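Q: Structure below; questions to follow.
The values are calculated or read from the model by the stated rules, or taken from the named source; none is laboratory data. Predicted model only: the values in this text are computed from it and were never measured. Glycine also receives a Cβ, built like all others from the backbone with ideal geometry; neighbour counts cover every protein chain displayed. SASA here: full protein model, heavy atoms, side chains in, ligands and nucleic acids out. Shrake-Rupley method; radii C 1.70, N 1.55, O 1.52, S 1.80 Å.
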Amino acid sequence: MAKAELMNYEQALEKFEVVIGLEVHVELNTNTKMFCGCRNDFGDEPNTNVCPICIGLPGSLPAVNRKAVESSIAIGLALGCEIAPNGRFSRKNYFYPDLAKNFQTSQYDEPIAFEGTIDIEVPSGAVYTVDIERAHMEEDAGKLTHVGGNTGRIQGAEYSLVDYNRAGVPLVEIVTKPVYGAGAEAPELAAAYVRSIREIVKALGVSDARMERGNVRCDANVSIRPHGQEKLGTRTETKNVNSLRSIERAVRYEIQRQAHIIANGGTITQETRHWHEDRGITSSGRPKSDADDYRYFPEPDLVPVQPSNELIEQIRASLPEKPAERRKRLQGEWQFSDLEFRDVVNSGLLDELEETVAKGAKPQAARKWWTGEIARLANAEGKDVADLAITPADVAELATLVESGKINDRIGREVLQAVLEGAGNPAKIVADRGLEVVSDDGALQAAIDEALAKQPDVLEKIREGKLQAAGAVIGAVMQAMKGQADAGRVRELIIERANA
Amino acid sequence: MSELTPDLVRHLASLARIQVTDAEVDRFAEQLSLIVESVATVNSAVAGDVPATSHPIPMANVFREDLVEPSLTQEQALSGAADSDQGRFRVAAILDEE
Ligand SMILES: [Zn+2]
């Protein structure tokens, strides 16, 4: 499978308008599955969280998880959707071993939530309104492992092994309407949209929202059409894009691939494409099935869901602050510039920062530590900041130690490194290692005497107004005291001497 | 109502994962046409303002609380499987979606 020929991105945007559509699947973090009492857990022994209902044994009857319905309503409301007064489940029929029932229980013509809208800010600061078509409830499928062949992928596989632990886990699928007008920012918009959905479901507490575990998954529809053409182009649906970065890359790749084909007189095939993270390409999958092919029909074993107005209003009243509003509030409270704040948001460190400030750090100091030194160390180790062994409480303590002058920035970085190595919290490390800055005048004066003995003309220069001459003495004192001298105090003392 | 052409029968067969001979395609096309026509007759007997009945008993909101109930053991789960390996159901590789 070769890398397709691509048109240069800028050129593609000059010739074509980009239209995207996004389908995001959110796995709910209920205790149990959508239609049975099996545990909804990640990483258990295969086929240990299964029962006659979720492996489709004859005679078994499903029952809807109340909590999953309430979580779905919460998601719908958070996306500004209407909640359907009458919702039905439907069977989506297909034969594939990831579900043992030969159908997926889903919703078809009566989704629980529809017609919403959400404002998405992209890294440039531009804001786009994305219209939500629907959010519906369904069940997740089991996990297939392809065995034989060479790569574990389906091509060349001899057989497949199926684990149904995930089959029946509640999902909410959120589908956007076509999104126009993002132009060159369409890839960033796609990623920012999925980031927002993640933030929302995390804030609602209805999903663990971990993309690497597949809690949030995205299928990206991309089509292009010549500027000014009314008819939409043929779209492709790229699956398997499971990180924010890959969403951005996959959309950009599809734009460039389709542009090359159309510009050379070809046509786009309506199909599913797979994203390959390692090679940064998409490859052709099966031709996209028509909805007709799934032969949807109402699920006879489940009665309709008719949420009362009281329930809907009760859930609406319990919704947390909207992420966009929270961001506006925090930026105001912290008095960050747009650039500073965007930097924090784009680094995904808002929660960490908020907690650090709550533990007593000044906002600017908290920002500096998290987006500066900590992000740098994480990057150097190829890790996520979230995976480093440091808590907001540690950072708040560190920032307070620096703020109060007990340690300086350089020692602070050293303490940070020690925290990451598991040496304890910052205050303990400073105490254990005797890192506190020396601001005791007696000790400082002795070190200044020693330094001046080697550079006797410094005081004279200062008296002549060359204050920068003090730098050499400060440097020597810092060195003699292994960086633990209070540099500001040393400077004051030298100038006092010169003017004595 | 689309006509039940031989191609449509073959498409339905492939969706249902069954192999059909040419003779069967012709036979099924005839039989399925009859079924579709019969359903169309029922459709024409109902005025447009009658809502479709999906559930004969007027009942809604039957829920389960989100409480864990015992699952099967792995041995029990796999006991009816035609084949299994490493605690998983073993099935023929199907070249389709991934
Ligand atoms: Zn089950």
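Q: Within segment A:41-75, list the residues whose amide N lies under 11 Å from a label point set 7 Å along Cα→Cβ of A:Asn309.
A: The answer is none, because no backbone nitrogen lies closer than 11 Å to the label point.
Q: Let me ask something additional. Mean separation of Cα pairs under 8 Å and 6+ residues apart, divided by the residue count of segment A:9-315: what relative contact order is that in percent?
A: On the way: 683 pairs, mean separation 75.0, N = 307.
Rounded, it is 24 percent for segment A:9-315.
Q: Same structure, new question: Based on DSSP H runs of at least 4 residues, each adding -39500 (n - 2.57), what is the mean residue ellipticity at 222 nm of chain A after dividing by all its residues, to the nearest 500 deg cm²/dmol? Display every interim value, and only then the final one.
A: On the way: 17 runs with 184 residues, N = 500.
Roughly -11000 deg cm²/dmol at 222 nm, from the helical runs in chain A.
Q: Sticking with this one: Rounded, prolate or oblate: pick one for segment A:274-350, where a ≥ b ≥ c are the square roots of the eigenvalues of its C-alpha gyration tensor, a/c under 1.5 means rounded, and failing that, prolate if a/b is larger than b/c, else oblate.
A: Values: a/c = 5.01, a/b = 1.27, b/c = 3.96.
Oblate.
Q: Say a paramagnetic label sat at a point 7 Å from the Cα of A:Ala386, along Cα to Cβ; which residues of segment A:319-346 have their backbone N under 14 Å from it?
A: A:346
Q: So how strong a dipole does segment B:1-96 carry about its Cα centre when Lys and Arg Cβ are +1 and Asp and Glu Cβ are -1, to the nearest 20 debye? All intermediate terms of the calculation are to be shown ahead of the outcome.
A: Details: 6 positive and 15 negative charges, 26 e Å.
So the magnitude is around 120 debye.
Q: Give me the percent of DSSP beta bridges within segment A:193-347 that run antiparallel, rounded to the nearest 5.
A: Details: 9 of 13 bridges.
Given both bridge residues lie in segment A:193-347, the antiparallel proportion sits at roughly 70 percent.
Q: Nearest 100 Å² is fine: how much accessible area is buried between A and B, summed over both sides, with a 1.4 Å probe?
A: Working: alone 24620 and 9410 Å², together 29890 Å².
Accessible area lost upon association: around 4100 Å².
Q: If I take the Cα coordinates of segment A:9-315 and project them onto the principal axes, what are the three extents in Å, biggest first?
A: Principal axes ranked by extent give 58, 53, 33 Å for the Cα atoms.
Q: Just the Cα atoms of segment A:64-218: what Rg and Dmax do they give in Å?
A: Using the Cα atoms of segment A:64-218, the pair Rg, Dmax is 17.6, 51 Å.
Q: Another question, if that's okay. Starting from the Cα of B:Ala60, move 7 Å in the Cα-to-Cβ direction to define the label point; list residues of segment A:101-117 whose amide nitrogen is under 14 Å from there.
A: The answer is A:110-113.
Q: Based on the alpha-carbon set only, what is the convex hull volume of segment A:321-457 divided per residue, in Å³? Walk me through the intermediate numbers first.
A: Working: hull volume 21.2 nm³, N = 137.
Residue-normalised Cα hull volume stands at 154 Å³.
Q: Count the DSSP beta bridges whose two residues both fall in chain A, then state the antiparallel fraction as a percent rounded to the nearest 5. If you can, show how the numbers build up before the last one.
A: Details: 56 of 61 bridges.
Here the share of antiparallel DSSP bridges comes out near 90 percent.
Q: Using only the alpha carbons, work out the radius of gyration and Dmax of segment A:359-422 in angstrom.
A: Every Cα atom of segment A:359-422 included, Rg and Dmax give 10.9, 32 Å.
Q: Another question about this same structure. Hey, any idea what % of segment A:9-315's accessible area is carbon plus sulfur with a 1.4 Å probe?
A: 46
Q: A further question follows. Give the total of Lys-Lys pairs in segment A:321-433 with Cα-Cα distances below 20 Å; include a pair only if its members are 8 or more places apart or on different chains.
A: 9
Q: Just tell me which lysines come within less than 26 Å, Cα to Cα, of A:Lys92; anything on the same chain fewer than 8 places away is out.
A: Qualifying lysines at Cα under 26 Å: A:Lys33, A:Lys67, A:Lys101, A:Lys143, A:Lys177, A:Lys239, A:Lys288.
Q: Let me ask something else. Where does the charge balance sit around B:Ser71 when Lys and Arg score +1, Asp and Glu -1, over other residues with C-beta under 14 Å from its C-beta? List each step's numbers first, then the result.
A: Working: positive: A:Lys33, A:Arg39, A:Arg166; negative: A:Asp41, A:Asp44, A:Glu45, A:Asp163, B:Glu69, B:Glu75.
Around B:Ser71, the surrounding residues sum to -3.
Q: On to the next question. Just to confirm the filter: which GluC sites (Glu not before Pro) across segment B:11-97 are DSSP coil and have at most 14 other Cβ within 10 angstrom of their Cβ? List each step's numbers first, then the result.
A: Details: sites: B:Glu24, B:Glu30, B:Glu37, B:Glu65, B:Glu75, B:Glu97; in loops: B:Glu65, B:Glu97.
Here the GluC sites (Glu not before Pro) that fit, given the DSSP loop and packing criteria, are B:Glu65.
Q: Further, regarding this structure: Considering every residue in B:47-57, what mean count of other chain Cβ atoms within 10 Å of its Cβ is obtained?
A: Numbers: counts 0, 0, 0, 0, 0, 2, 1, 11, 8, 1, 1.
The per-residue average across the peptide is 2.
Q: Give me the percent relative contact order of segment A:441-499, please, defined on Cα pairs under 8 angstrom at least 6 residues apart.
A: Details: 46 pairs, mean separation 23.8, N = 59.
It rounds to 40 percent for segment A:441-499.
Q: Further question on the same structure: Tally Lys and Arg at +1 and Asp and Glu at -1 over the other residues with C-beta under 14 Å from the C-beta of A:Arg489: what net charge comes out?
A: Summing Lys/Arg as +1 and Asp/Glu as -1 gives -3.
Q: Right, next: Output needed for segment A:121-212: three equivalent-ellipsoid semi-axes, defined as square roots of 5 times the C-alpha gyration tensor eigenvalues, in descending order, whole Å.
A: Details: eigenvalues 215, 72, 31 Å².
Over the Cα atoms of segment A:121-212, the semi-axes work out to 33, 19, 12 Å.
Q: With N set to the residue count of segment A:427-500, report its C-alpha Rg divided by 2.2 N^0.38 Å to two decimal places. Show your work: numbers first, answer last.
A: Working: Rg = 13.1 Å, N = 74, 2.2 N^0.38 = 11.3 Å.
Cα-based Rg divided by the globular estimate yields 1.16.
Q: Along the Cα→Cβ direction, 7 angstrom out, place labels at B:Glu75 and B:Asp26. What is the inter-label distance in nm?
A: Here the answer is 5.5 nm between the modelled labels.
Q: Also, quick follow-up: Treating only the Cβ atoms of Lys and Arg (+1) and Asp and Glu (-1) as charged, compute the dipole magnitude of segment A:9-315 about its Cα centre; round to the nearest 20 debye.
A: Working: 33 positive and 44 negative charges, 138 e Å.
Dipole size: approximately 660 debye.
Q: Further question on the same structure: May I ask you to order A:442-448, A:306-312, A:30-36 by the average number of other C-beta atoms within 10 Å around their residues, highest value first? It would help to have the intermediate numbers written out before the result.
A: Numbers: A:442-448: 16.0, A:306-312: 13.6, A:30-36: 24.1.
Listed from highest to lowest mean packing, they are A:30-36, A:442-448, A:306-312.
Q: Could you work out, residue by residue across A:43-53, how many beta carbons of other chains sit within 10 Å of that residue's beta carbon, and then give the average as an integer? Intermediate results must be reported in sequence, preceding the final value.
A: Working: counts 0, 1, 3, 8, 13, 7, 5, 7, 6, 4, 1.
What the average comes to for A:43-53 is 5.
Q: Given 5 Å bins starting at zero, what is the percent of C-alpha pairs of segment B:1-41 in each, up to the one with the largest pair distance?
A: Cα pair-distance distribution for segment B:1-41, in percent: 6, 25, 33, 22, 11, 3, 0.
Q: Ok, one more. Taking the mean number of other Cβ atoms within 10 Å as a proxy for protection, how do you rank A:76-86, A:275-285 from highest to lowest? Before the final figure, lay out the partial values.
A: Details: A:76-86: 19.6, A:275-285: 16.2.
Per-residue mean Cβ counts within 10 Å order the peptides as A:76-86, A:275-285.
Q: Of A:Tyr253, B:Ser38, A:Val130, which is farthest along the charge dipole of the protein assembly as shown in the positive direction, counting Lys and Arg as +1 and Asp and Glu as -1 at C-beta?
A: Checked the options; the winner is A:Tyr253.
Q: How are the Cα pair distances of the protein assembly as shown distributed, in percent, across 10 Å bins from 0?
A: 3, 13, 19, 22, 18, 10, 7, 5, 3, 1, 1, 0
Q: If each of A:Glu115 and A:Arg210 carries a label point 7 Å out from its Cα toward its Cβ, how far apart are those two points in nm?
A: It is 3.9 nm.
Q: Where the Cα atoms of segment B:41-88 are projected onto their three principal axes, how long is each span, largest first, in whole Å?
A: Its Cα atoms span 56, 31, 13 Å along the three principal axes.
Q: Per residue of segment A:303-314, in order, report the coupling 6.51 cos²θ - 1.76 cosθ + 1.60 (Karplus, θ = phi - 60°) as ³J(HN,Hα) in whole Hz, putting x for Gly and Pro.
A: 7, x, 9, 10, x, 6, 4, 4, 4, 4, 5, 5
Q: Let me confirm one metric for peptide B:77-84, namely the mean number of other chain beta-carbon atoms within 10 Å of its residues' beta-carbons.
A: On the way: counts 13, 4, 0, 2, 4, 0, 2, 4.
Average per residue, whole number: 4.
Q: Something else now. Size of segment B:1-70 along its principal axes in angstrom, Cα-based, largest extent first?
A: Principal extents (largest minus smallest coordinate, Cα): 52, 42, 14 Å.
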